[in-house]
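The values are calculated or read from the model by the stated rules, or taken from the named source; none is laboratory data. Keep in mind it's a predicted model, so treat the numbers as computed, not measured. Reconstructed Cβ throughout: ideal geometry from the backbone, glycine too, with neighbour counts over all protein chains shown.
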Amino acid sequence: MRMLPAALLAMLLIGGAALAQSEVSGEEIDQVSDPTAERVLDMFRFEPDFVRLPVGGRVTFNNSRGQHTVVSAKGLIPEGVDKISIANTASETRTMDVPGLYVLTCKVHGRYGMVMLIAVGEPDTWQNPPSSWAKSLPGRAGEKLDLLVSRLDKEFKS
């Protein structure tokens, strides 16, 4: 049996560990303040603002410090899921175990359109598709949510 050189073996092991780590880590969401943005909807934003995850996928929210927060929009997350409320932390990870749509805003900057959408699982498993929503969000937050739902429709039609 031929032995691999130690350097090659180390690269394979480190690469495999990095791959396993990236599969486990899921998606990372940053919270951005950009005073140079051309549109109000882009001044305060989540990056990315639309994410698809498998059931059990994880999402890490970064930069929930100062005035940035992550809160679930009332009535716009799957029924029975605990409210999401993240503040005053550099990073927090959540596992998304319930299929459905999760609309999240920043408590302070939501009025400027700082809204994001997480789609967990496949559309046929969602208990809360947009057609079932009894409410939307007001003002610019609603405008941003409409854009995100339009992207959602395009994503799942292709």
So, in the range 87-106, exactly how many residues are over 11 Å from the mean Cα position of the chain (by Cα) and surrounded by 19 or more Cβ atoms within 10 Å (Cβ to Cβ)? 4
Being modelled with pLDDT of 95 or more, exposed (fewer than 15 other Cβ atoms within 10 Å of the Cβ) and either within 22 Å of Phe156 (Cβ to Cβ) or small (Gly, Ala, Ser) (or both) is true for just one of Glu47, Glu79. Which residue is that? Glu47
Against the definition (within 21 Å of Ser33 (Cβ to Cβ) and in contact with a Leu (Cβ under 6 Å, 6 or more places away or on another chain)), how does Val59 come out, yes or no? no
Could you list all residues from the range 103-137 that are assigned to a helix (DSSP H, G or I), of a type in the set (Ser, Thr, Tyr) and under 30 Å from Gly66 (Cβ atoms)? Tyr112
Could you say whether any residue in the range 29-47 is within 18 Å of Ser91 (Cα to Cα) and assigned to a loop (DSSP other than H, G, I, E, B)? no
Mind listing whichever residues of the range 127-148 are in contact (Cβ under 8 Å) with a residue 24 or more places away in the chain and of a type in the set (Asp, Glu)? Glu143
Counting only residues that are in a strand (DSSP E or B) and farther than 14 Å from Phe61 by Cβ, the range 73-102 contains a total of 2
